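Heads up: the structure comes next, in structure tokens.
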Amino acid sequence: MSEQLNGKKVAILATDGFEESELSEPKKALEQAGATVHVVAPDKDSIKAWAKDDWGQNYTVDVKLSDANADDYDALELPGGLFNPDALRQDEQALAFTRRFFEAHKPVGAICHGPWVLINAGVVEGRRMTSYPSVQQDLRNAGANWVDEEVVVDSGLVTSRDPNDLPAFCSKLIEEIAEGKHRNQQP
């Protein structure tokens, strides 16, 4: 186990229908790097994954969103999937929680459809980002500079396209969390 992130706490914000590998692989990588990772979800004790083309495993929720405080965490990760970010982007509590990380200049990672949450949180304008291809126009419409790359880092914001990009995504997310707050990050 690496000690790169010892003492760091990371929230993974998700709800039913997250792409399983986009939660499980970053969680494992962050924990192996020494971070404490909490799955945060709206008002549930467990959430159900979507695994490629069917429902996957249930995951224990560590902290209910109503009890979560972004100030208690050093970073945020937003997995994709279709159902998960679509539900979270309509949840004002999830958007406020997400916004707080940007206001505090903390690292945030979003993969696949996860940037939908960032769009509705109003934090993508002027940022260089990537996502699942079908989200690119949504990001452009919200003022982001969308690029088709494996992983993109913009002042502490780490984005990737899909599960194939997870090794690069996890590596960059760990690097950004180890660096800490990014003062030039826009809220």
Gaussian network model of the chain, Cα springs within a sub-10 Å range: biggest mean-square fluctuation belongs to which of ALA168, ALA70, ALA35?
ALA168
If you place +1 on the Cβ of every Lys and Arg and -1 on the Cβ of every Asp and Glu, how big does the dipole about the Cα centre of the chain come out, in debye to the nearest 20?
420
With both partners inside the range 39-111, how many of the DSSP beta bridges are antiparallel, as a percent to the nearest 5?
50
Label corresponding to semi-axes √(5λ) of the Cα gyration tensor in Å when calculated from the structure given, among (1) 20, 19, 17; (2) 114, 16, 11; (3) 24, 20, 16:
(1)
Using the structure shown, select from LYS8/LYS48; LYS44/LYS181; LYS9/LYS172; LYS64/LYS181 the pairs with a Cα to Cα distance greater than 21 angstrom.
LYS8/LYS48; LYS44/LYS181; LYS64/LYS181
Most fluctuating of ASP54, ASP45, ASP154 in the GNM of the chain (C-alpha, under 10 Å) is ASP54
Quick one: among GLY34, GLY81, GLY109, which has the greatest mean-square fluctuation in a GNM of the chain with alpha-carbon springs under 10 angstrom?
GLY34
Contour minus Cα-Cα distance for LYS28 and GLN90 (0.36 nm per residue)
19.5 nm
Only bridges whose two residues both fall in the chain count here: according to DSSP, what percent of them are antiparallel, nearest 5?
30
Neighbour-limited loop hits for trypsin sites (Lys or Arg not before Pro), the range 1-105 (at most 11 other Cβ within 10 Å; DSSP other than H, G, I, E, B):
LYS52
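Rule-based calculations on the coordinates, nothing more; no lab input. As the structure is a computational prediction, the values presented were derived from the model and not from experiment. Cβ atoms come from the backbone with ideal geometry, glycine included; neighbour counts cover every protein chain shown.
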